[in-house]
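Here's the structure we're looking at; comments come further down.
Coordinate-derived values only; no laboratory data. Nothing here was measured: the structure is a model prediction, and the numbers come from that model. Cβ placement follows ideal geometry from the backbone for every residue including glycine, while neighbour counts extend to all protein chains displayed.
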Amino acid sequence: AAGLCSVCRAIPWVELQPEDVARAATPHHRTRKALEASAQRCPMCRMVLKAALSSFRDTRGVRNGRGYWRQFDAVRLVDTNLTARDISYQKELGACMPVTATEFKGPNPGGRAVIAATGAPNPDGEHVEDKELKLEGLRIDDPPDDMPVCVFGNFWAEREKEVNQPNDVSHLRLVGVGARFAKSASLFDVYGVRPDQVKLCGSSIGLCTDDDTSFASFIPGRLRELHSDSDTAFRRVEKWISDCSSKHAFCGAPKLNPDLPRRVIDVTAYDRGVCLLETAGQRGRYVALSHCWGTSSRLMATRESIDDLKEGIATSFLPKTFQDAIKITRRLGLKYLWIDCLCIVQDDLADWDVEAANMAYIYRNAYVTVAAAASTDSYYGCFPKRAKDSYVSPGTRSLGYATPREASGERRYTMAFTYSTDGAKKPSSVHFLEDEWLPGSSFHTPQRTAIGSFGRRFDPIAGEPLSSRGWTLQERMLSPRIVHYAGDQLYYECETGMWSEDGFVFSDIYFSLQHLLRTQLIAREDHGIPRASGISFIVGRHTATSGRRWEGGWISLVETYSRMRLTVADDKLPAIAGVATVIATETGDSYFAGLWAAHIHEDLCWRVCCYNEYFDRDAKGMQTVPKRGARVGAATRPKDYRAPTWSWASLDAPIKY
């Protein structure tokens, strides 16, 4: 712990107590003045000082110039004097409204949680910058110089607590360290907080550890790899696939010996080359590649070149994206790779029709799909070129902020611990990251770790170049396991969820084939919008969209697909036919040019929507009025007939239901 003061050396940083345990915060410096003096030399004191000031200043209704969301729970707690108090549990959240709330379920809960905004959120539930927004409690000055400082841990839950195990803490994960000014270590002595209130301020110091340390199962945070072809990155991919095969009930192990596609690339044919193989009924595991073709000239299978490809080609002659896919396949210990432009004869319409019809089988039976998400063409490569070790983490994006994570430099400090496991002392490193705020968590009802449970839900690869290409939507939907080589980091996606390389979990991205099939099988009386739909916190936002065919169902799939690009306009229906084939097979429903017979009334309710739309207040702030936002696309009708006019596929246009 080079450079640390004596106080920071004595703090048990990985054994801190939760924020809302009555008398368990760990004392730090005895006064703010002493902390400020030590922060001139000690890097951890500098982080603690910023965290303590953040806990006070950023929980007064304004954070980063914007309002934010709060959650209130009525609770009866027993204080340190064994006196029962009726108090308000106030949990500070981010600028974006969470999709779900973690309600207080500890001793003596007082009812349902209430979520309120401190500022003005937009129709998507995100607070906008408001120059007139004032700090709450303006009469409360910053903590005085003689005010002590305490530190605490921010523990979130990876899963539900074991039933009938009151002392079980195996579900808890340490995601950060927070600090507060308080007269004592008591929860009820926090500076600036009323006696009838408990305020969960959260943590402003992020935590990460390495994959092979003793803390790996306890601290979920990781530093993302600057280079996605590093040994650490490959080990993470291998572990994701292994965990998915052995631990995910919805996924299971990849097929042991599936039928190979008609043609595959044999990546083991030569030391420095590969060859195209006509499989003729052979079986084996293979990797599928999802990539952008781009507009530059590229190598492809044609009637003229296919025999040469079968003879073999040097790997160095292939585009960079193909070379990287070969490297990944070999590293995973597999022999075969499927690449569309090399395994389908591009100038043979009959061959193309046959292979396009098999697209569902090809992606559904792949061992894993490699998505070159950041590539713009075949020459970019699978592994993004990252110039600096700075990016915005998924957790920060979900909260609605853009504070970058700095994995090197002054905003990071690494401590080396010697930790005993099974009698053996094992060195373990923990990385402390400055200005990485996460909402607080109650020990009685810990905050869940999934994206959407503490902020907005979003698709982390929606902005990647690959996500704009029409064909890739069904490639993503059909693949049981997919590794996204995105611009910021690696992501792994399967039927169970999605994981980021730096340790965040996306439990419902809505690109799940099984979820899509479930929504297609809903009872007829549940079609459309239900009569009892509850109350929305957002003006103009309907509350009944979850669990139906909107989020993750065919309707949302078509809306997303309509904004994607297709190089060949006639691919409008073929590029999504693989998904339609699976739905028709699994449900027995009839498919009519992008619409389903069992849902025909709902599927006919589409319209062109070339601009983003939202609701806002009128000039007097009295009525809700619709507004037009940014342009998202144009509407054109193709020259040649493609689909009947009652089908969205008859147009090239962004649509909305």
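Simple spin-label estimate for S429 and W646 gives 6.4 nm between the two label positions (7 Å along the Cα-to-Cβ direction from each Cα).
Greater than 28 Å separation of Cα atoms is the criterion. Which listed pairs, K327/K425; K50/K91; K239/K385; K385/K656; K91/K627, meet it? Check vs 28 Å cut-off fails for K327/K425; K385/K656; K91/K627.
Describe numerically, in nm with one decimal, the distance between label points set 7 Å from Cα along Cα→Cβ at D130 and at A462. Reported label-point gap for D130 and A462 is 2.4 nm. Distance between the C-alpha centres of the range 393-457 and the range 35-61: 17 Å, rounded to the whole angstrom. Between R85 and L77, V78, D79, the built amide H atoms are under 5 Å apart, and every one of these is 5 or more places off in sequence or on another chain.
Under 17 Å from a label point set 7 Å out along the Cα-to-Cβ vector of F250, the amide N atoms of the range 466-493 belong to 476-483, 492-493. Between W69, A95, S6, the Cα set farthest toward the positive side of the dipole of the range 1-101 (charges on each charged residue's Cβ, about the Cα centre) is that of S6. Estimated at 0.36 nm per residue, the fully extended path between D389 and N358 surpasses their Cα-Cα distance by 7.0 nm. Calculated FRET efficiency, H601 and E238, Cβ-Cβ r, R0 60 Å, to nearest 0.05? It comes out at approximately 0.80. Within a straight-line Cα-Cα reach of under 18 Å, K183 can be paired with the following aspartates and glutamates, leaving aside sequence neighbours fewer than 8 residues apart in one chain: E19, D20, E36, D79, D141, D142, D145, D146, D196. A dipole drawn for the chain from +1 and -1 charges on Cβ atoms has a positive end, and of W352, Q17, G273 the residue lying farthest that way is Q17. For the chain, adding -39500 (n - 2.57) for each run of n ≥ 4 DSSP H residues and dividing by the number of residues yields -5500 deg cm²/dmol at 222 nm. With the gyration tensor restricted to C-alpha atoms of the chain, the semi-axes of the equivalent ellipsoid amount to 48, 32, 22 Å, longest first. Considering only alpha-carbon pairs that sit under 8 angstrom and 6 or more positions apart, the relative contact order computed for the range 165-242 is 27 percent.
Projecting label points 7 angstrom from Cα along Cα→Cβ for R565 and E36 puts them 5.4 nm apart.
Please find the FRET efficiency linking E304 to I522, where r is the Cβ-Cβ separation and R0 is fixed at 51 Å, and quote it to the nearest 0.05. Efficiency for this residue pair is about 0.50. Residues of the range 39-73 with an amide N closer than 18 Å to a point placed 7 Å from the Cα of S6 along the Cα-to-Cβ direction: 39-45.
Per-peptide packing, taken as the mean over residues of other Cβ atoms within 10 Å, places 53-64, 175-186 in the sequence 175-186, 53-64 from highest down. For the pair the range 168-192 and the range 328-367, the centres of their Cα atoms are 53 angstrom apart. Positive end of the dipole of the chain (Cβ unit charges, origin at the Cα centre): among L478, C609, L35, the Cα lying farthest that way belongs to L35. Given +1 at the Cβ of Lys and Arg, -1 at the Cβ of Asp and Glu and no other charges, the dipole of the chain around its Cα centre is 1360 debye to the nearest 20. Between the C-alpha center of the range 304-323 and that of the range 559-607 there is a gap of 35 Å.
For the range 1-69, a simple Cβ point-charge model (Lys and Arg +1, Asp and Glu -1, everything else neutral) yields a dipole of about 340 debye relative to the Cα centre. D211 to R628: FRET efficiency via 1/(1 + (r/R0)^6), r the Cβ-Cβ distance, R0 51 Å, to the nearest 0.05? With a Förster radius of 51 Å, E is 0.60. A simple charge model with +1 on the Cβ of Lys and Arg, -1 on the Cβ of Asp and Glu and nothing else charged puts the dipole of the range 324-460 at about 820 debye relative to its Cα centre. Antiparallel versus total DSSP beta bridges in the chain: what percent is that, nearest 5? The antiparallel fraction comes to roughly 80 percent.
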